Amino acid sequence: MSITKNILLIDDNTDLRSVISVNLESQGYNIIQAGDGAEALNKLDQEKWYCIVCDLMMPHITGMMFLKIIRERGLKIPVIFITGLNNIIEKEEAFKLGAQAFITKPFENNELYQKLIDAESYNKIVNRSENEIELDDYYCKVHIDEFVMGKKILFPVFLKLSSSKFIKIAHSGEDLDQTKIDNIKKHGVEYFYLENSDYHNYLKRNISVARSLLSFREIKDEKKRDFFISISKNIVEYEFQREINPETMAMSLFAIHNTLIFVSAKKDFFKALQALHEFSATVVEHSLLVSLLASAIALQSEEFNNKTVLSVSLAALFHDFGLKELPKGLADKSLNKMSTEEIQLFKSHPQLGSQLMASIKKIPEVIPQAILHHHEHSDGSGYPFGIGRIKIHPIARILAVADHLASTWSLPENKDESFKAILLLIKDKQEILDKDYIKFALELTTNSDPLLKTKF
Ligand SMILES: [Fe+2]
Ligand SMILES: [Fe+2]
């Protein structure tokens, strides 16, 4: 049985308190409410707290005063502040006092849920004794030369002094321009560190920065390529680290790295990738993930060798290339919100993509073919031709499994799901997806849950 996590919720606004309370209870937390700091202080000894969620602006005892008091009492409970303003000075002081996070009103529920999940690692860290603290799991490193954030940084940045000591060198909202970075570099610093909870957002932002960067004529192609390869690798590594067999992961990363080097070295391919970037950062991110998963599935199967895995990975990287030819905004719409005419247009993307890729000189024939079939289903219910399993190109069948995996994974409701949960969802698609490749996908996971293996 899991232990209920108690949260002390302090806010003088009764309505807001009730809403947050209901939402957090739906996530399985036990909420105790307090209308102000004084009431909260009285309740402090009642429970063992997992986290405190506190309004910053309250009458009598403000959020900051409350934090000071509890820290003076030696309590190390994580505190998440809710604030109406993006007040940098106050934030800085609060961080010094060990506030865990800030949420600015109005906020999405998911934002608060994520911070509460992060409180877990915060608790683990502060509850260990000083000399056994290992903070490495709490931070992700970014090479100083690859650090891209724009002028104002969005997340606090740290330097590592030792496994147990990280120092904050810049707070979110602060400037960290190239001159400052160069100065830090002069001291031999190679990596910046970001908190795990910020890292994914950093990568997401990187993809959009990359998009504008790729369009700058002044930046040399070589630099653009290096940058693109490095952020792509970061993204797939991050996405792929959950419950996946480390050996396959290493091989798949190697495969995608080779693919990206190949793409960067061939002008037409690189142009195509740039065009996809200009069209949509989300599609690029999706395509990278599909490419990684497809390579991983192909590597499990004996049908493919290193050379043919490259074709799988390339076809996957460009499987949705046709989307960029559709009218603006159409690719972002969900199928059930499209008109009949729009659906028809949307369903032409495999053909459009296939034609565009076929015009690349010396492209292996299997790539446009696989792209053309990536939405065909084993039972003949797919598009554009409605052909059955035997006629669907084998690479397209791998793409379909990888595409379903990646898309299911990216749905907002599945954001925090494990790879196992996603696999279970895919398993039910046996009628439309290729059973053999689903089986290989299942073999990617280190999770040995018998539920995953049944029915095969
Ligand atoms: Fe597609
Ligand atoms: Fe796709």
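What the table shows:
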| read-out | value |
| --- | --- |
| Net length gained if the chain between residue 413 and residue 339 were fully extended (0.36 nm per residue, minus Cα distance) | 24.1 nm |
| Cβ-Cβ FRET estimate between residue 308 and residue 110, R0 fixed at 51 Å, reported to 0.05 | 0.80 |
| Distant-in-sequence amide H partners of residue 5 (H built 1.01 Å from N, under 5 Å) | 30 |
| Calculated log₁₀ intensity ratio I(q)/I(0) where the Debye formula runs over C-alpha points of the stretch 243-291, q = 0.20, 0.24, 0.26 Å⁻¹ | -0.74, -0.92, -0.99 |
| Separation in nanometres of the label points that stand 7 Å from Cα toward Cβ, at residue 46 and residue 143 | 5.3 nm |
| Dimensions in Å of the stretch 269-354 - Rg and Dmax from alpha carbons | 14.4, 43 |
| Relative contact order of the stretch 5-127, defined on C-alpha pairs under 8 angstrom at six or more residues apart (%) | 23 percent |
| Bins of 5 Å, starting at 0 and running to the largest distance - Cα pair percent for the stretch 322-383 | 4, 18, 23, 22, 18, 10, 4, 1 |
| Over 31 Å between alpha carbons, listed pairs 115/347; 186/307; 362/420; 76/105; 266/347; 271/347 | 115/347; 186/307; 362/420 |
| Two-site FRET efficiency, residue 163 against residue 262, from Cβ-Cβ distance with R₀ of 30 Å, rounded to 0.05 | 0.20 |
| Kirkwood Rh, Cα atoms: Rg over Rh of the stretch 5-127 | 0.91 |
| Gain upon complete extension [residue 16, residue 65; 0.36 nm per residue less C-alpha separation] | 15.5 nm |
| Calculated from backbone phi, Karplus (6.51, -1.76, 1.60) coupling profile of the stretch 105-114 in Hz, x at Gly/Pro | 6, x, 10, 7, 3, 4, 4, 5, 4, 4 |
| Likely footprinting exposure, 345, 56, 292, fewest C-beta neighbours within 10 Å first | 345, 56, 292 |
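Quick note: the coordinates plus some simple rules give every number you see, no bench work behind them. Computed from a predicted structure; not experimentally measured. With ideal geometry, Cβ positions are generated from the backbone for all residues, glycine too; neighbour counts draw on all protein chains shown.
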